[in-house]
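Working notes, structure below.
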Amino acid sequence: KLKPGVMAQLITGYKNLIVSDSKSLLKKHLTQEIFDKLKSKVTPTFHSSLLDCIQSGLCNVDSGVGIYAPDPEAYTVFADLFDPIIEDYHRGFKKTDKHPEPCFGSGKDFENLDPRNEFIVSTRVRCGRSVQCFPFNPCMTEFEYCELEGMISNALGCLRGQYSGSYMPLAGMQKETQEELINQHFLFKEGDRFLQAANASRFWPAGRGIYFNCDKNFLVWVNEEDHIRVISMEKGGDLGKVYDRMIGGVETLGKFLQFSHDKRLGFLTFCPTNLGTTIRASVHIKLPSLAADKAKLEAIASEHKLQVRGTRGEHTEAEGGIYDISNKRRMGLTEYEAVREMYEGIKALIEAERKLG
Ligand code: ADP
Ligand code: CIR
């Protein structure tokens with residue numbers, strides 16, 4: 001059932017992973033026993049193998065996680081590996097647990113985190129969605145990318161009021177425009193080696209693009225890591241307002257598109273770190289006193305279930321003392337609770353910074 005050469009690649013890749021100094025969740029959880037149990041399996045519809053799931057982590061031993069689901073069935077066929085990684089990343093979501101029903105609540109409970117603009121540069125809340133009947137990146141044909149782009153941009157064309165705007169395909173976009181949008185933190189980067197090794201960048205830039213509303217505070221990424229990323233962002237720390245804007249956008253899009261949702265895993269995404277609510281609520285924040293001791297910043301963040309990223313996103317460094325700090329877990333709690341976790345954590349970090357500063 002495996003394609004020729006796949007088993008040999010799996011065995012060599014696994015050997016290299018074991019002797020590497022990788023800190024990835026893949027290395028931690030892919031025991032010899034699980035490897036042997038899964039190495040010959042393929043998913044029923046798209047025939048994805050264990051190699052399709054883990055090759056990003058095998059090629060990039062500096063991965064934090066190291067695994068993606070090439071198609072939705074991979075989460076079940078390779079559950080012996082995905083489940084412990086999910087439990088580890090999302091802090092205790094067990095294989096017998098069920099993700100709660102969606103519950104956004106409302107942003108009115110979240111006050112401005114930094115009313116005097118002392119610490120927070122900007123606030124962003126994003127979620128991811130997959131569209132039913134389409135597989136994830138590695139299994140998409142060029143035709144499907146374009147078909148899906150057409151469906152999503154049609155839906156985006158139905159947005160009204162504060163959400164109305166325009167769709168810009170990546171294909172044909174000027175390089176300078178693309179770079180400028182990346183530097184402004186609006187557009188996804190190009191050439192992510194983790195995605196490339198996962199076969200998630202095929203036919204690039206076909207089918208990829210970005211939607212902006214007129215105020216440029218509501219954006220939608222099309223066919224990057226996920227089919228859809230719905231993003232709300234603006235300068236300052238008004239989390240409630242940013243969150244409410246994202247909710248309105250994703251709820252309206254849901255009237256025009258059918259999203260992939262699993263009874264146990266919640267909304268389905270390409271990367272297991274994004275399953276469930278798919279919510280990442282972040283601030284770009286300056287905490288000079290805390291950041292003077294990076295280990296301490298990481299420790300306090302972790303205590304509050306927060307993740308620290310660099311200024312240009314995951315796998316980047318902080319520039320000008322600006323960190324991207326967000327909720328880490330997205331599964332086993334509601335959307336509202338995920339944002340609340342970030343809200344409380346950021347408040348605590350600001351308090352700790354004030355005490356030191
Ligand atoms: P995600 O998975 O949420 O899309 P990335 O780490 O790839 O995350 O970041 C995507 C982009 O969003 C990057 O340019 C990053 O700097 C930007 N970003 C994240 N949080 C904020 C924020 N609070 N304000 C401004 N830009 C942000
Ligand atoms: C890693 O393991 O470091 C990358 N594959 C990214 C993992 C989580 N991030 C993501 O989904 N963007």
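None of the figures in this text is laboratory data; all of them are computed from the coordinates on show. In this text the structure is predicted, and so the values were computed from the model without any measurement. Cβ coordinates were reconstructed from backbone atoms using ideal geometry, including for glycine residues, and neighbour counts include every protein chain displayed.
Eigenvalues of the alpha-carbon gyration tensor of segment 6-89, scaled by 5 and square-rooted, set the equivalent ellipsoid semi-axes at 18, 14, 11 angstrom, largest first. Distance from the Cα centroid of segment 8-38 to that of segment 103-136 is 35 Å (rounded to whole angstrom). Given R0 = 45 Å, the distance between the Cβ atoms of residue 12 and residue 174 translates into a calculated FRET efficiency of 0.60. Secondary-structure-derived ellipticity at 222 nm for the chain, considering helices only, amounts to -11000 deg cm²/dmol, per-run term -39500 (n - 2.57) for DSSP H runs with n ≥ 4. Per-residue Cβ neighbour counts within 10 Å put 103, 139 in the sequence 103, 139, beginning with the fewest.
Size check on segment 254-357: the Cα extents along the three principal axes, sorted descending, read 48, 24, 23 Å. Diffusion of segment 1-142 by Stokes-Einstein, at 20 °C in a medium of 1.002 mPa s and with Rh set to the Kirkwood radius over alpha-carbon pairs, works out to 122 µm²/s.
Set the Förster radius R0 to 35 Å, insert the Cβ-Cβ distance between residue 184 and residue 76 as r into 1/(1 + (r/R0)^6), and round the FRET efficiency to 0.05. Efficiency for this residue pair is about 0.30.
Simple point charges give the picture: +1 on the Cβ of Lys and Arg, -1 on the Cβ of Asp and Glu, and for segment 6-89 a dipole about the Cα centre of about 260 debye. Computed over neighbours whose Cβ is under 9 Å from that of residue 84, the net charge equals -2, Lys and Arg +1, Asp and Glu -1. Between the listed residues 64, 11, 85, the Cα displaced farthest toward the positive end of the dipole of segment 6-89, a dipole computed from Cβ unit charges relative to the Cα centre, is found at 11. When 122, 24, 289, 106 are sorted by how many other C-beta atoms sit within 10 angstrom of their C-beta, beginning with the fewest, the order is 106, 289, 122, 24. If we count every other residue with Cβ under 14 angstrom of residue 165's Cβ, Lys/Arg +1 and Asp/Glu -1, where does the sum land? Computed value for this residue: +2.
Under a model in which nothing but the beta-carbon of Lys, Arg (+1) and Asp, Glu (-1) is charged, segment 275-349 shows a dipole of about 60 debye around its Cα centre.
Less than 19 Å apart at the alpha-carbon level, and either on another chain or at least 8 residues along: which lysines does that give for residue 37? The qualifying lysines are 1, 3, 15, 27, 28, 95. Rounded to the nearest 20 debye, the dipole size of the chain about its Cα centre is 420 debye, using +1 on the Cβ of Lys and Arg and -1 on the Cβ of Asp and Glu. Straight-line reach from residue 355: which lysines fall under 29 Å, measuring Cα to Cα and dropping same-chain residues less than 8 apart? In chain and number order, the partners are 108, 235, 241, 286, 294, 296, 305, 328, 347.
Kirkwood analysis of the Cα pair distances in the chain returns a hydrodynamic radius of 20.9 Å.
Going by neighbour counts of Cβ atoms within 10 Å, the residues 111, 149 line up, fewest first, as 111, 149.
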